[in-house]
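One structure is given here, and the rest of the page talks about it.
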Amino acid sequence: MAVLISCNNEKKETVETTDASKTASKPATSAKKTIVFFGNSLTAAYGLDDPSKGFAGLIQKRLDSLNLDYKVINAGVSGETTSGGNSRIDWLLKQPLDIFVLELGGNDGLRGIPVSETKKNLQAILDKVRAKYPDAKLVLAGMQIPPNMGQKYAADFKAVYGDIAKTNDLTLIPFLLEGVGGEAKLNLPDGIHPTEEGHKILAENVWVKIKDLL
């Protein structure tokens with residue numbers, strides 16, 4: 001069932017956090033590998049007092065608990081569209097990365113941006129990452145929207161993620177909000193953004209797909 005996905009369209013709020021900084025005191029026996037989460041307010045953990053309690057921060061905690069030498073960079077910007085992400089990615093690519101998790105598109109769908117435009121922007125972002133870091137492993141977080149714009153639009157939007165994953169032979173998280181979207185108790189009062197408990201489920205949705213890439 002399609003659920004409402006929004007990423008704070010009315011207010012853009014940048015959250016650029018590197019949760020790995022909290023583990024900087026660990027002895028550096030080798031260079032840490034980097035996982036970048038590039039997305040909107042879902043990645044930025046909008047609405048939580050502590051962004052590290054969002055799914056990206058929880059992935060860092062899981063990595064640390066397993067003594068895996070990775071740092072997570074949270075490059076989430078609330079309100080971000082795929083067009084905005086495509087403009088921002090060049091700056092982000094100034095730093096090395098080993099795994100790139102792309103979580104964008106929800107705001108495009110809510111705004112009724114043509115699906116072809118969303119697809120083009122997502123592909124452009126992936127192309128830029130691959131051109132700069134050809135050995136990086138790519139992950140795409142799937143999104144869904146309600147049929148407000150029509151059943152065909154919603155279906156075409158959902159299909160974009162599978163199409164891109166197949167074309168690029170990358171890892172797909174079918175629906176990032178699986179088990180959380182539409183569940184009132186797992187979302188903040190706005191009914192849109194996950195609570196801390198909701199983010200725990202998102203983290204599991206992500207972990208099952210990226211653990212074999214580590």
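Using the Karplus curve 6.51 cos²θ - 1.76 cosθ + 1.60 with θ = phi - 60°, work out ³J(HN,Hα) for each residue of segment 125-140 in order, rounded to whole Hz, and write x for Gly and Pro.
Values per residue, Gly and Pro as x: 4, 4, 4, 5, 5, 5, 5, 7, 10, x, 8, 5, 8, 9, 10, 10 Hz.
Would you calculate the separation in nanometres between label points at ASP190 and LYS33, each defined as 7 Å from the Cα along the Cα-to-beta-carbon direction?
The two pseudo-label positions are separated by 3.4 nm.
Can you work out the accessible area per residue across the chain, with the rest of the protein chains kept in place, probe 1.4 Å, in square angstrom?
I get 46 Å² per residue for the chain.
With the cut-off at 1.5 for a/c, could you classify segment 137-213 from its C-alpha gyration tensor as rounded, prolate or oblate?
Oblate, because a/c is 1.5 or more while a/b does not exceed b/c.
With a ≥ b ≥ c taken as the square roots of the eigenvalues of the C-alpha gyration tensor of segment 41-105, please select rounded if a/c is under 1.5 and otherwise prolate if a/b is larger than b/c or oblate if it is not?
oblate
Could you tell me the distance between the Cα centroids of segment 65-88 and segment 118-144, to the nearest Å?
Segment 65-88 and segment 118-144 have Cα centres separated by 12 Å.
Return the percentage of antiparallel bridges among DSSP beta bridges fully within the chain, rounded to the nearest 5 %.
25
Go ahead and estimate [θ] at 222 nm for the chain from helices alone: -39,500 (n - 2.57) per DSSP H run with n ≥ 4, summed, over the residue count, rounded to 500.
So the helix-based figure for the chain works out to -12000 deg cm²/dmol.
For the chain, set up a GNM with springs between Cα atoms under 10 Å and report which of ASN67, ASN187, ASN168 has the largest fluctuation.
Ranking ASN67, ASN187, ASN168 by mean-square fluctuation puts ASN67 first.
Need the full-extension length gain, ALA124 to GLU183, defined as separation in residues times 0.36 nm minus the C-alpha distance. One decimal, nm.
Full extension from ALA124 to GLU183 adds 17.9 nm.
Just want the answer: with Cβ charges of +1 for Lys and Arg and -1 for Asp and Glu, which residue in HIS193, VAL206, ILE73 is farthest toward the dipole's positive end in the chain?
ILE73
Can you tell me the length gained on complete extension of the stretch GLN95 to ASN67, counting 0.36 nm per residue apart and subtracting the Cα distance?
Length gained, GLN95 through ASN67: 7.8 nm.
Report the full-extension gain for the segment THR167 to VAL208: residue separation times 0.36 nm, less the Cα-Cα distance, to one decimal in nm.
Taking THR167 through VAL208 to full extension adds about 12.6 nm, to one decimal.
Using Cα springs under 10 Å in a Gaussian network model of the chain, which residue among PRO147, PRO134, PRO194 shows the largest mean-square fluctuation?
PRO134
Taking a ≥ b ≥ c as the square roots of the eigenvalues of the Cα gyration tensor of segment 20-142, is the shape rounded (a/c under 1.5), prolate (a/b larger than b/c) or oblate?
oblate
The values are calculated or read from the model by the stated rules, or taken from the named source; none is laboratory data. Quick caveat, the model's predicted, so the values are computed rather than measured. Backbone-built Cβ (ideal geometry, glycine too); neighbour counts: all protein chains shown. Note: accessible area is taken over every heavy atom of the protein model, side chains too, but ligands, DNA and RNA are not part of it. Shrake-Rupley method; radii C 1.70, N 1.55, O 1.52, S 1.80 Å.
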